[in-house]
Amino acid sequence: MSRDKPLALVTGASAGIGYELARQLAERGWDLVINAEDGARLEHAARQIRAAGAQVHVVRADLRDHDRTEHLMAQVRAVGKPLDVAVLNAGVGRGGAFLDTDLADELEIIDLNVRSTVHLAKRVLRDMAARDEGRILITSSIASTTPGSFQAVYNASKSFLQSFVQALQNELKDTGVTLTSLMPGPTETDFFHRAGMDDTKIGRQDKDDPAQVARQGLDALFAGKKKVVAGSAKTKAQELANKALPDSTKAAAHRKMAEPGSAGDDRTG
């Protein structure tokens, strides 16, 4: 690792928003530790990111597992220089009726989206607080503002992250450590395919550009903003509308977009 470049960690960096966050950090002059579970895709991402001139350390680890998460942190510390930015982006979703989905899939969402984020934040924030400097970007979602019919556990996991970030912002307000919540809307990644939502309206609709989402997220991070609703004007308008709508209305609207088979449903009412 170069001694003259600062160090950033990005989880979930093999594709989608995480890959773009890592690539754009490299373009902004950062060396990187990147993590994902999929080793082949992660190595491919690392080659692309290195083309921007960054030193990239690859750590394949399934963050649903406590010991593998500790392994990631050990690898970060082994780099031998302070971690100035941590992007806690790894996450997973699962569509479908709660009564029909497998319990193992729902617990996987909690383990990755919630437990691993808390685990990494605990390790990273203590180090940053001891130095009185550092920045953390946590990928939440505008889903955090909506009861997620047919994505019940996923949306709830993002609501947890939103509350978690806001609480830590208050706890650390008198320090040199900042936390920023990145809140994208539906984005053009493989998320909905992996979540089994190809037959839903939200899975089929046009989505935001992950490069745009990442750029807006990093701009907010380095500006010290508390949160950013990232993506298109449509996404930003949706988040504003969610502030005014009652939860029951939002849950009904989410059902129309996320219910299995809704992609073939022409009803608009």
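Using the structure shown, decide if LEU137 is outside any helix (DSSP H, G or I) and within 30 Å of GLY80 (Cα to Cα). So LEU137 fits the description; yes. Residue count for region 213-238 under the criterion of being in contact with a Ser or Thr (Cβ under 8 Å, 6 or more places away or on another chain) and surrounded by fewer than 18 Cβ atoms within 10 Å (Cβ to Cβ): the result is 3. Just to be sure before I move on: is LEU99 of a type outside the set (Phe, Trp, Tyr), more than 20 Å from ILE17 (Cα to Cα) and not in a helix (DSSP H, G or I) in the structure I sent? Yes; evaluated as a whole, the condition is true for this residue.
How many residues are more than 17 Å from ALA26 (Cα to Cα) and either polar (S, T, N, Q) or open to solvent by less than 70 Å² (accessible area, probe 1.4 Å) (or both) when one looks only at region 48-64? Here the count works out to 3. Could you identify the single residue in ALA97, ALA45, ALA74, ALA78 that is modelled with pLDDT of 95 or more, surrounded by fewer than 14 Cβ atoms within 10 Å (Cβ to Cβ) and touching a Phe, Trp or Tyr at 6+ places or on another chain (Cβ under 9 Å)? From the options ALA97, ALA45, ALA74, ALA78, the qualifying one is ALA97. I need a count of the residues in region 82-113 that are β-branched (Val, Ile, Thr) and over 28 Å from PRO6 (Cβ atoms). The qualifying residues number 4. Yes or no: ASP62 modelled with pLDDT of 95 or more and touching a Gly at 6+ places or on another chain (Cβ under 9 Å)? When the stated conditions are applied, ASP62 does not pass them. Given (1) touching a residue at least 12 places away in the same chain (Cβ under 8 Å); (2) assigned to a helix (DSSP H, G or I); (3) farther than 15 Å from THR11 by Cα; (4) not aliphatic (A, V, I, L, M), where does ARG94 come up short, assuming only one miss? Result: ARG94 passes all but (2). Of the residues making up region 100-125, those that are among the hydroxyl-bearing types (Ser, Thr, Tyr) and either surrounded by 20 or more Cβ atoms within 10 Å (Cβ to Cβ) or in contact with a Leu (Cβ under 8 Å, 6 or more places away or on another chain) (or both) are SER116, THR117. Applying the set (1) of a type outside the set (A, V, I, L, M, F, W, C); (2) open to solvent by 20 Å² or more (accessible area, probe 1.4 Å); (3) part of a helix (DSSP H, G or I) to ASP174 leaves exactly one unmet item: (3). For region 130-151, a tally of residues being open to solvent by 50 Å² or more (accessible area, probe 1.4 Å) and either without any contact (Cβ under 8 Å) to a residue 40 or more places away in the chain or aliphatic (A, V, I, L, M) (or both) returns 1.
For the criterion of being hydrophobic (A, V, I, L, M, F, W, C), under 16 Å from the mean Cα position of the chain (by Cα) and either farther than 27 Å from GLY12 by Cα or buried (at least 17 other Cβ atoms within 10 Å of the Cβ) (or both), LEU182 passes.
Restricting SER248, SER163, SER157 to those that are assigned to a helix (DSSP H, G or I), out of contact with any strand residue (DSSP E or B) (no Cβ under 9 Å at 6 or more places or on another chain), surrounded by 17 or more Cβ atoms within 10 Å (Cβ to Cβ) and of a type in the set (Gly, Ala, Ser) reduces the list to SER157.
The values are calculated or read from the model by the stated rules, or taken from the named source; none is laboratory data. The shown structure was predicted, so the numbers you read here are calculated from the model rather than taken from an experiment. Cβ atoms come from the backbone with ideal geometry, glycine included; neighbour counts cover every protein chain shown. Just the protein is used for accessible areas: all its heavy atoms, side chains included, with ligands, DNA and RNA removed. Shrake-Rupley method; radii C 1.70, N 1.55, O 1.52, S 1.80 Å.
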